Amino acid sequence: MSLIMLSSPHAHGGDSIRMIMLTVILALVPAAGMSVYLFGWMAVLLIVTCMLTALMTEAICLKWMGRPVSTLLDNSAALTGLFLALTLPAATPWWMAVLGSVFAIVLGKQLYGGLGYNIFNPALSARVILLISFPLNMTTWIMPMSASMGSIEPVINLYDFTTCATLFFAGPGALQLGLDAISMASPLGYIKTEATLGVPVAEALDAYGYSYLDAFLGFEAGSTGETSALALLIGGIFLLARHSITWHIPFSYIVTVLLLAGLFNALNPDQFATPMFHLFAGGLILCAFFMATDPVSSPVTPLGQVVFGVGCGVITWSIRTWGGYPEGAMFAVLLMNCAVPLIDHYFRPRVYGHKRRNES
Amino acid sequence: MPAMVRKLAQRLGMLQHSFVGGVHPNMHKLTADVAIEECDIAPVHVLPMKQHIGEICSPLVAVGDLVLRGQKIARSEGYLSVPVHAPTSGRVVKIEEHTIPHPSGMGLPSIFIESDGDDKSDESIAPISDWINTDPTQLRERARKCGLAGLGGAVFPTFIKLVQDKRFPIETVILNGIECEPYLTNDHRLMLEHAEEILEGMAIIMHMVGADSGIIAVEDNKQNAADSMQQALDARSDMDGVVVHVLPTRYPQGSEKQLIYTLTGREVPAGKLPMHIGVLSQNIGTTKALFDAVMLGKPLTERTVTVSGDALAKPSNLLVRLGTPVRSLFARQGLDDFSGIQIVHGGPMMGERLKNPDFPVVKSSTGLLAMSLQAMKAAHTVEQPCIRCGHCSEACPISLVPNLLADQCRSDQFEKAAQYDLFDCIECGACSYVCPSNIPLVHYFRYGKGQLALQRREDSFAEASRKRSETRDARIEREKAEKAARRSQVRKTHAPKTDEAKAETDAETKTGGEAGVADSKATESKD
Ligand code: SF4
Ligand code: SF4
């Protein structure tokens, strides 16, 4: 300790893990607010459950491993809970939310040795475990309130606390409803199914009642926090402005998806959706600005981050277009997470005074 | 700005070059408007025998000797070294070890001079006012004789850099007036108060190395210093090749390699010196000292020091004789009680932290800071795990990946760290400064460099002893063959065997003995 204390520098910029995590939580406020507007009490219940469970699990883990429980104050567990909630469908039952949060903290983070040591984004890995374990629940999207979805009227009132609490804690059976009665397909899922029937993309979207404006604002089926591109972009720009993230990952990620989508859409518009559709669909913006930029599981060097972003973009678009799942953003980020050590090794910047990048 | 865009813009001449990374610490230049005050002469001065990078000096005086100001009191032993001079007239009272400004609190043999109050100077060194018609080698000898070493803190013997080498002609002389460390303002004040002398010093340097062009670099947080230099420049007709450049304030702009890149767009290749790309940079204080040495015949016996810090009521810039006890300087500025106060020698980014103020002002003393415990705590709180945020990579002016290097040093993978260019780290501290987890990255790098140097020394020792044992094996083989030859001639068998055994034990004791020496060396360098 005393040795460390004597080493320069003797000044510090004042950044802390706590502030970094808090900034991201603040940046998610617009998206969280939008999710409450769209999904009413369902969103509130989901977010609160996930965050509380994540915090409690983290506290237990810390206690059990003999680390100071005050580490909780670094806000990283709260952020993981919030992340998870925003990626879950609004109709997720309470126990799945709890399970997911426990997974995120225990399997996604503490098993690797705690904050800083995990390879994968904890929230995303939990989300994928849930998707694999409960594929039906994880792809059932309830209709958002205030959706300007043509003639479809929401079956249940999400602004009514009792209804939502019943749905959340007791399941749709308690409301004498089938799950499918309150749900609808997401645009990505819809065009995927229609594509297998040979329906051209544009026609399918017409039949769906798709509008770019709705998708941009968030009046669309999808996970709790990922539908509103607008709200997420506000948060993303806040992060960029606060210098919490750099442009490298979101920019290269989104541009890659846009380029690929644009290229293929130009070649065959019947089979491939437009770049704009891809941009606003699913979890792309959430993943690009918030998930892929998770410091722990992304590369540290600027060039490495660009490579990482491009990789995420290629995988996202490929899964959406050719894969078995309608959405590929989460898988893309997780897959690229595996590649981070390699990327960090091979895409180090050129060191001052050296001719080339060191290969070693 | 994206690096690619910036490079393109630079190519098109739309932008100045600028080094990568860097940070913007709070500058705390409390003393920017405080004129340099001359300090009273202390009753006793302590002159450590090594105040430069290189070999230690040996005393030329004995206890009881009377000395004059500027008299050489210690002689350099070896090339990479400069002598030490008496800072005032008086008597040598003792020669013994005394603490120097080093974080380990180590000491060095030092000469103690009790001032007689007369401050009489030794006039034996004549001014060379006609330097323009003087042979550069003679001026170089003057710089060495006067004990000049880089006063920016690195204290590299100045004369070594002031050389004309036909293979590497110097085209550009850079006068480094950046002073990018927080708190420090002594170069700033020198530029305001002694612009003419500094400029004359620069002219001498350009004459010595045969350069036609020069750049005076000043950060834009001291525009008045740049103006002052420009004014002095305008008043001269013989320095047409010199321009003043005002650069945006960013730490570590003043670091030699970064400054050279910013000004010329060229990098000093790894393992090379600025002179290899035709550049020479000198610090403001050193240039002024060169002026004093050449034009006034004055050896280096004083320097300007910024005495500051958040715990000091009366910060100032002082002209101080070398060897002055630091405690008395703080006392002069109204600080006597050091409880809860931390002392930093140099600037907060690269300076050394010391336990107490019981050390003398030396040639490397750019600043003396009294910092409150709170201010220091911000920099030295408990280390948290690395969250791989990449802020350190972004801040590194050398484009290293500090978090990877720290990992490697921490897990003793020193060779790997060396492959990741650990030795290119300039220890500027920008990475530690931005790290949200408060990881003492620079500390790990120093540790890693130290361990690696040690390991390499051991390796070369192992190599040497391997060679030795090979020669021994060869000799034994040869002897055996000879014996066998003798045996076949003389049919007596017992004598040779003992010989052989003896040779073996001899060789072993030798190896063992030297291993012991190497071990003790190892511990030495760890301290
Ligand atoms: S700044 Fe600190 S926490 Fe961030 S990557 Fe570097 S070492 Fe890790
Ligand atoms: S101390 Fe070394 S690693 Fe850290 S920023 Fe400076 S040069 Fe880079």
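The values are calculated or read from the model by the stated rules, or taken from the named source; none is laboratory data. Just so you know, these numbers come straight off a predicted model, no measurement behind them. Note that we place each Cβ from the backbone using ideal geometry, even for glycine, and neighbour counts take in every protein chain shown. Side chains are part of the model used for accessible areas, which takes the heavy atoms of the whole protein and leaves out ligands, DNA and RNA. Shrake-Rupley method; radii C 1.70, N 1.55, O 1.52, S 1.80 Å.
Which FRET efficiency value, to the nearest 0.05, is calculated for B:Asn133 and B:His24 with the Förster distance at 51 angstrom and r the Cβ-Cβ distance? All intermediate terms of the calculation are to be shown ahead of the outcome.
Numbers: r = 47 Å, r/R0 = 0.92.
After rounding to 0.05, the efficiency reads 0.65.
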>> Going by amide H atoms built from the backbone, whose H comes under 5 Å of the H on A:Gly218, apart from near neighbours?
In response: A:Ala229
>> How much length would be gained if the chain were fully extended between B:Ile476 and B:Ala464, taking 0.36 nm per residue of separation minus their Cα-Cα distance, in nm to one decimal?
In response: 2.5 nm
> So for the pair B:Asp212, B:Asp240, with labels modelled 7 Å out along Cα→Cβ, what separation do we get in nm?
Replying inline: 1.0 nm
> Over chain B, what is the percentage of antiparallel beta bridges among all DSSP beta bridges, to the nearest 5?
Replying inline: 60 percent
> Considering only DSSP beta bridges with both partners in the protein assembly as shown, what is the antiparallel share in %, to the nearest 5?
Replying inline: 60 percent
> Which value in nm describes the separation of the simple spin-label points at A:Leu136 and B:Glu97, placed 7 Å from the Cα toward the beta carbon?
Replying inline: 8.1 nm
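Shielding by partners for B:435-444, please: the mean number of other protein chain Cβ atoms within 10 Å of each residue's Cβ. The partial results should precede the final answer.
Values: counts 5, 12, 7, 5, 1, 7, 2, 3, 6, 2.
Shielding by partners across B:435-444 averages 5.
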> Can you pull the accessible area of B:His24 for me, 1.4 Å probe, Å² to the nearest 10?
Replying inline: 130 Å²
> Just the accessible area for B:Glu267, please: 1.4 Å probe, Å², rounded to the nearest 10?
Replying inline: 50 Å²
> Near B:Lys363, which aspartates and glutamates are there with a Cα under 17 Å away, not counting those fewer than 8 places off in the same chain?
Replying inline: B:Glu38, B:Glu55, B:Glu179, B:Asp187, B:Asp292, B:Glu302, B:Glu352
> Which residues of the stretch B:97-129 bury at least 20 Å² of accessible area once all protein chains are present, versus their chain alone (1.4 Å probe)?
Replying inline: B:Pro103
> Based solely on its DSSP helices, what 222 nm [θ] is calculated for the protein assembly as shown when runs of n ≥ 4 H residues each add -39,500 (n - 2.57) and the sum is averaged over all residues, nearest 500 deg cm²/dmol?
Replying inline: -14500 deg cm²/dmol
> How big is the accessible area of B:Asp336 in square angstrom, nearest 10, if you roll a 1.4 angstrom probe over the protein chains?
Replying inline: 110 Å²
> Ignoring ligands, DNA and RNA, what percent of the 1.4 Å accessible area of chain A is carbon and sulfur?
Replying inline: 70 percent
>> With no other cysteine's Cβ closer than 4.7 Å, which Cys residues of chain B count as lacking a disulfide-compatible partner?
In response: B:Cys39, B:Cys57, B:Cys146, B:Cys180, B:Cys386, B:Cys389, B:Cys396, B:Cys409, B:Cys425, B:Cys428, B:Cys435
>> As I understand it, the value is the acute angle between the Cα axis of helix A:76-87 and the longest principal axis of the Cα atoms of chain A; what does it come to in degrees, rounded to 10?
In response: 20 degrees
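Of chain A, which part is the longest with no trypsin sites (Lys or Arg not before Pro) in a loop (DSSP not H, G, I, E, B) and with at most 16 other C-beta atoms within 10 angstrom?
Values: sites that count: A:Arg242, A:Arg350, A:Lys355, A:Arg356, A:Arg357.
It works out to A:1-241.
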> So what is the accessible area of the stretch A:17-339 per residue, in Å², with the probe set to 1.4 Å?
Replying inline: 39 Å²
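Using alpha-carbon pairs under 8 Å, 6+ residues apart, how would you state the relative contact order of chain A in percent?
Numbers: 570 pairs, mean separation 61.7, N = 360.
This gives 17 percent for chain A.
So, R0 is 51 Å and r is the distance between the beta-carbons of A:Lys63 and A:Leu177; what FRET efficiency does that work out to, to 0.05? Please report the intermediate quantities before stating the final value.
Details: r = 41 Å, r/R0 = 0.80.
Working from the Cβ atoms, E equals 0.80.
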> Taking a probe of 1.4 Å, how large is the accessible area per residue of chain B, in Å²?
Replying inline: 44 Å²
> Under 19 Å from the 7 Å Cα→Cβ point of B:Met106, by amide nitrogen: which residues of the stretch B:348-375?
Replying inline: B:351-356, B:358-365
>> Amide H of B:Ile174 versus every other amide H placed in the peptide plane: which residues, excluding those fewer than 5 positions away on the same chain, fall under 5 Å?
In response: B:Ile215, B:Leu280, B:Ser281, B:Gln282
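Top to bottom by accessible area (1.4 Å), largest first, where do A:Met56, B:Met208 land?
Result of the area sort, largest leading: A:Met56, B:Met208.
Please average, across the residues of B:345-352, the number of beta carbons from any other chain that are within 10 Å of each residue's own beta carbon, and give a whole number.
Values: counts 0, 2, 4, 5, 4, 3, 4, 4.
Mean number of neighbouring Cβ atoms from other chains: 3.
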>> Per 0.36 nm of contour for each residue apart, how much would the distance between B:Glu55 and B:Asp119 grow if the chain were fully extended, relative to their Cα-Cα spacing?
In response: 20.1 nm
> In chain B, carbon and sulfur make up what percent of the accessible area (probe 1.4 Å)?
Replying inline: 53 percent
> Quick one: if the Förster radius is 51 Å, what FRET efficiency do A:Leu26 and B:Leu319 give, using the C-beta to C-beta distance and rounding to 0.05?
Replying inline: 0.50
> Got a sec? Which residues of the stretch B:241-276 lose 50 Å² or more of accessible surface with every protein chain in place, vs. that chain alone, 1.4 Å probe?
Replying inline: B:Glu267
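Counting only C-alpha contacts under 8 Å and six or more residues apart, can you give the relative contact order of chain B as a whole percent?
On the way: 1017 pairs, mean separation 84.9, N = 527.
Here the relative contact order equals 16 percent.
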> Using a 1.4 Å probe on protein heavy atoms, which residues of the stretch A:274-303 have at least 10 Å² less accessible area in the complex than alone?
Replying inline: A:Pro295, A:Val296, A:Val300, A:Thr301, A:Pro302
> Accessible area lost on pairing A with B, both sides, 1.4 Å probe, Å² to nearest 100?
Replying inline: 4300 Å²
> So which of B:Lys29/B:Lys50; B:Lys145/B:Lys272; B:Lys94/B:Lys298; B:Lys50/B:Lys272; B:Lys166/B:Lys272 end up more than 18 Å apart, counting from Cα to Cα?
Replying inline: B:Lys29/B:Lys50; B:Lys145/B:Lys272; B:Lys94/B:Lys298; B:Lys50/B:Lys272
> Counting pairs of alpha carbon atoms under 8 Å apart in space and at least six apart in sequence, what relative contact order in percent does the stretch B:381-491 give?
Replying inline: 26 percent
> Under a plain spin-label model, where a point goes 7 Å from the Cα along Cα-to-Cβ, how far apart in nm are A:Glu203 and B:Asp337?
Replying inline: 8.9 nm
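What GluC sites (Glu not before Pro) does the stretch B:66-153 have in DSSP loop regions with at most 15 other beta carbons within 10 Å? Display every interim value, and only then the final one.
Values: sites: B:Glu77, B:Glu96, B:Glu97, B:Glu114, B:Glu123, B:Glu141; in loops: B:Glu77, B:Glu123.
Hits after loop and neighbour filter: B:Glu77, B:Glu123.
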>> Quick query: amide H of B:Glu302 versus all other amide H atoms, modeled in the peptide plane; which residues come in under 5 Å with a sequence gap of 5 or more or a different chain?
In response: B:Leu322
